[in-house]
1. What number of residues within the stretch 145-156 are modelled with pLDDT of 75 or more and surrounded by fewer than 21 Cβ atoms within 10 Å (Cβ to Cβ)?
2. Can you tell me which residues in the stretch 245-272 are open to solvent by less than 30 Å² (accessible area, probe 1.4 Å), under 14 Å from Val211 (Cβ atoms), free of Cβ contacts under 8 Å to residues at least 60 places away in the same chain and not in a helix (DSSP H, G or I)?
3. Conditions first: (1) out of contact with any Pro (no Cβ under 9 Å at 6 or more places or on another chain); (2) open to solvent by 40 Å² or more (accessible area, probe 1.4 Å); (3) within 18 Å of Tyr117 (Cβ to Cβ). Val164 passes all but one, so which condition is the exception?
4. What residue, among those in the stretch 235-274 that are of a type in the set (Phe, Trp, Tyr) and more than 28 Å from the chain's Cα centre (by Cα), is nearest to Ser224 (Cα to Cα)?
5. Looking at Ser130, Ser116, which one is small (Gly, Ala, Ser), more than 23 Å from Lys175 (Cα to Cα) and open to solvent by 10 Å² or more (accessible area, probe 1.4 Å)?
6. Find the residue count for the stretch 9-39, including only residues that are in contact with an Asp or Glu (Cβ under 8 Å, 6 or more places away or on another chain) and not β-branched (Val, Ile, Thr).
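The values are calculated or read from the model by the stated rules, or taken from the named source; none is laboratory data. This structure is a prediction, so every number in the text was calculated from the model and none was measured. Cβ atoms come from the backbone with ideal geometry, glycine included; neighbour counts cover every protein chain shown. These accessible areas exclude ligands, DNA and RNA; they are computed on the full protein's heavy atoms, side chains included. Shrake-Rupley method; radii C 1.70, N 1.55, O 1.52, S 1.80 Å.
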Amino acid sequence: MLANAKQWLKELPKITVGVGIVACAVYFFMLPSHVSIGSATALAMILSNYIPLPVSAITLCLNVGLLIIGFLTVGSEFGAKTVYCAIMLPVFLGLLEQLFPGFESITRDPLLDVLSYILVVGVGLALLFSCNASSGGLDIVAMIMNKYTHMELGKAMSLSGIVVALASVLCYDTKTVVLSVLGTYMGGIVVDHFIFGLNIKRRVCIISPKVDEIVQYILHDLHSGASLNQTIGAYDNVVRKEIITIVDKREYKALMDYVRKTDPRAFVTVYSVNEIRYTPKK
């Protein structure tokens, strides 16, 4: 319990920054352009045309209902972090409404606003998802879909968000609706890119006569793990050992430098790894 609390506090600054980035993307790029890029805030923006409340207040109301569902289906850790995010997002939006009342588009171009929103919100959401958190709203729907259908988060966000984007036809012209749908789809792709960019690792396979030296370097210098497989060359039928290890970007560079120095003729293949699941040793 104490370890979980320490981890939560450690992630709190990162989560807060992520929520702040999302709020800035919404207020400075989505709201002025009226483009409803699928999210609870986008739905709140549409509803604000019919309900006499600020977008921040409607967003909070929408988040509460979805938070209850997320807490029951995804788990208490997700719920605790997302409760914080769902409260802080309207708070940040309300603060921006006070600091910059009646803010108009910086670019004066809805298309540029959409592109800017996708890039900025992708950074914020990637930070939140990397902490198993969400900004609330449709992000909760996306994480529920990810848990039960194993759909990639970006695609799940796109699917749920397109429904909201299409709803903008009730308030805005055809061009805005098309931009909303395209922006929602592209936003999911960008989120996946940022998520994988944060978590991507390399699976490195090495065949070399200097197996023991390379393995010792991986274990004791990189403090990583490795496996050994026996391989038989089809040309000469010689049995050799193949080293398999998974490393991050920093470790990958160090390993490649070491292999080039130790055995320039080593046969090396490298694969990108997006996700790893294992139980750490006690």
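1. Final tally of qualifying residues: 7.
2. Thr245, Asp263
3. (2)
4. The residue in question is Tyr258.
5. Values: Ser116 fails: more than 23 Å from Lys175 (Cα to Cα).
Result of the check over Ser130, Ser116: Ser130.
6. Count: 6.
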